[in-house]
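What follows is a single structure, written as structure tokens, with notes after it.
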Amino acid sequence: MSSKYLMLLLALAAVYTAAAENLESYEGAQLLRVKLSTPAQLKAISILETLNFKVDFWLEPSTKHPVDIYVPQQHLSSVKLYLKEHGIEHEVSIPDVGELISEQARSVIGIQQDDEMTWDVYHRYDTIMTFVDRLAADYPDLATVENYGVSTEGRPLNIIKIGRNDTSGKVKPAFFMDGGMHAREWISPAIVTWFMRELLENQAENQDILDGLDIYITPIANPDGYEFTRTNQRLWRKTRSNQNSPVGCMGVDPNRNFEVEWGGPGSSGDKCSDIYRGPEPWSEPETRGIKEFVERKLEQGVNWVAYFAVHSYAQMWLVPWGWTYDLPPTYEELIQFGNVGASALTSIHGTRYDVGSVTELLTPGSGGSDDWAYGSGIFRYSQTVEVRDTGRYGFVLPPDQIIPCAQETFAAIQAVSRFIITGQK
Ligand code: 0X9
Ligand code: ZN
């Protein structure tokens, strides 16, 4: 190894160590998977959150699907005992969450500085936003970047519009996509940036889509939270606004902050909860920015048709409602649209997705962007796509899955785009 290279490696390692000093350690924490079969077991698991074991439900308690529970090292034996006492068997899906996180961090050291956009690692906010600006500069006829606000910590909220300018006067259908709403779901910004790249750098394959649609993508809807996962807590979910909590809890779950039956089931008034809905709807500049942008464009004549919230994980294509067990009035066509997407997705790598309403497949969660998009009457089709995986790695998805995940999800976007374009002719 040349001494120049060694010096570079040492410098990078020093930067990493300095940054790592602020990083919360997840050493020895485990992800446990349980399958609940009775209402009593469901109750016992739901209560777990209030017992001071500092558990974090990566998948919320339900009898419809396995439940993933993150447990810090110091509470593992108590939680395992609690499960046993309630007759609930568990599997350990991640034996050391801290080790898994460090492994992924180590794999970045020495490979590259984080300035060039690639899809083999997860990138920082600056790298991603610079990439988005570059795309718009490289493809001025097809892409433009607009600002729709500023985050609590002062980061620009930018969105890219991709589509060929139509001079015929015909109003094109438009898609809206929110990526990176939840900070720790790193796969989301990683794949939506791939969609942009695919559309613009592989135009031959996407001519009809570029001609027939306008696709608006905000790659990191919650930039403060995203950066906080890089500098402080890898598993942070919410925004970073100050809520004047007496115990110092920060932030709001942006996906409980949209106004549609705001404050309903599956959202919390506790500032320390990961599903804290905020003091009022639209309290966060990150959610308010989306609402105001969508409404402004609507007034300017944009023909909004479909809303995609890109989250992880579970491999589910979720349609409204999230706030009630009732099915929405156009449930059938939402499911039809979802099936078009999910079957195209599966055709690429065989990855299986469930399609259904949020409350059919998961648990209620009120105040989500999907419910607002649909319930406001602005978008005919609205969905949350929960991408890879099903819990083997959960939020700590290895970066070698970015490209396969992006490829298959992009196939879904292409399929629903064509469904809209041909259907609307
Ligand atoms: O709970 C959420 O916000 C989403 N799941 S996640 O694990 N990515 O946090 C699901 C959102 C589904 N839609 C609504 N609850 N409205
Ligand atoms: Zn999410």
Checking Arg380 against (1) surrounded by fewer than 22 Cβ atoms within 10 Å (Cβ to Cβ); (2) more than 28 Å from Lys291 (Cβ to Cβ); (3) among the charged types (D, E, K, R), which single condition isn't satisfied? (2)
Please go through the stretch 221-242 and give me each residue that is assigned to a loop (DSSP other than H, G, I, E, B) and open to solvent by 20 Å² or more (accessible area, probe 1.4 Å), ordered by number. Asn232, Gln233, Trp236, Arg237, Arg240
If I filter the stretch 45-52 for residues that are buried (at least 19 other Cβ atoms within 10 Å of the Cβ), not in a helix (DSSP H, G or I) and not hydroxyl-bearing (Ser, Thr, Tyr), do I get at least one hit? no
Gly163: away from ligand 1 (no atom under 16 Å from the Cβ), surrounded by 20 or more Cβ atoms within 10 Å (Cβ to Cβ) and farther than 19 Å from Gly289 by Cα, yes or no? yes
I need every pair where a residue in the stretch 81-101 that is not assigned by TED's automatic domain parsing to the domain that holds Pro398 has its Cβ under 6 Å from the Cβ of a residue that is open to solvent by 50 Å² or more (accessible area, probe 1.4 Å) and polar (S, T, N, Q), sequence separation at least 6 or different chains. Gly98/Ser25
Between a first residue in the stretch 380-408 that is assigned to a helix (DSSP H, G or I) and a second residue that is among the hydroxyl-bearing types (Ser, Thr, Tyr), which pairs have beta carbons less than 7 Å apart while being 6 or more apart in sequence or on different chains? Pro399/Tyr122; Glu408/Thr351
Any residue at all in the stretch 191-201 that's in a loop (DSSP other than H, G, I, E, B) and at pLDDT 95 or above? no
Quick one: which residue in Arg288, Arg296 is touching a residue at least 24 places away in the same chain (Cβ under 8 Å) and basic (Lys, Arg)? Arg288
Could you give me the residue pairs with C-beta distances under 9 Å whose first residue belongs to the stretch 118-147 and is aromatic (Phe, Trp, Tyr), whose second residue is open to solvent by 70 Å² or more (accessible area, probe 1.4 Å) wherever it lies, and which are 6+ apart or on separate chains? Phe131/Glu116; Tyr139/Glu201
Restricting attention to the stretch 336-351, does a residue exist that is within 16 Å of ligand 2 (Cβ to nearest atom) and either β-branched (Val, Ile, Thr) or surrounded by 24 or more Cβ atoms within 10 Å (Cβ to Cβ) (or both)? no
Checking Gly154 against (1) small (Gly, Ala, Ser); (2) open to solvent by less than 10 Å² (accessible area, probe 1.4 Å); (3) more than 19 Å from the chain's Cα centre (by Cα), only one condition comes out false. Which one? (2)
For Thr218: the one exception among (1) open to solvent by less than 30 Å² (accessible area, probe 1.4 Å); (2) more than 21 Å from the chain's Cα centre (by Cα); (3) touching a residue at least 40 places away in the same chain (Cβ under 8 Å): (2)
State whether one or more residues within the stretch 305-313 are open to solvent by 20 Å² or more (accessible area, probe 1.4 Å), under 23 Å from Ser188 (Cα atoms) and of a type in the set (Val, Ile, Thr). no
Flagged in the stretch 239-269 as touching a residue at least 60 places away in the same chain (Cβ under 8 Å) and at positive phi, in numbering order, are Glu261, Gly263, Gly266
Do you know which residues across the stretch 254-295 are open to solvent by less than 20 Å² (accessible area, probe 1.4 Å) and assigned to a helix (DSSP H, G or I)? Pro254, Asn255, Glu286, Thr287, Gly289, Ile290, Phe293, Val294
Could you grab me the full set of residues in the stretch 261-295 that are of a type in the set (A, V, I, L, M) and within 16 Å of ligand 1 (Cβ to nearest atom)? Ile275, Ile290
Quick test of your reading of the structure: Asp253 fulfils all but one of (1) of a type in the set (Asp, Glu); (2) within 16 Å of Thr152 (Cβ to Cβ); (3) away from ligand 2 (no atom under 15 Å from the Cβ). Name the failing condition by number. (3)
Just to verify a result, which residue in the stretch 378-402, among those that are β-branched (Val, Ile, Thr) and under 16 Å from the mean Cα position of the chain (by Cα), is nearest to ligand 1 (Cβ to nearest atom)? Thr384
Given the structure, is Met181 in a strand (DSSP E or B), in the same structural domain as Asn147 (by TED's automatic domain parsing) and either within 16 Å of ligand 2 (Cβ to nearest atom) or open to solvent by 10 Å² or more (accessible area, probe 1.4 Å) (or both)? no
Please find, among Gly365, Gly356, Gly338, the residue that is outside any helix (DSSP H, G or I) and either free of Cβ contacts under 8 Å to residues at least 12 places away in the same chain or farther than 30 Å from Asp96 by Cβ (or both). Gly356
Scan the stretch 304-331 and report the pairs whose first residue is within 13 Å of ligand 2 (Cβ to nearest atom) and whose second residue is open to solvent by 30 Å² or more (accessible area, probe 1.4 Å) and at pLDDT below 95, with Cβ atoms within less than 6 Å and a gap of 6+ or a chain change. none
Within the stretch 184-206, work out how many residues are of a type in the set (Val, Ile, Thr) and away from ligand 2 (no atom under 16 Å from the Cβ). 1
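The values are calculated or read from the model by the stated rules, or taken from the named source; none is laboratory data. Remember, it's a predicted structure, so these values are computed and weren't measured experimentally. Heads up, the Cβs are rebuilt from the backbone with ideal geometry, glycines too, and the neighbour counts pull from every protein chain shown. Note: areas computed on protein heavy atoms with side chains; ligands, DNA, RNA excluded. Shrake-Rupley method; radii C 1.70, N 1.55, O 1.52, S 1.80 Å.
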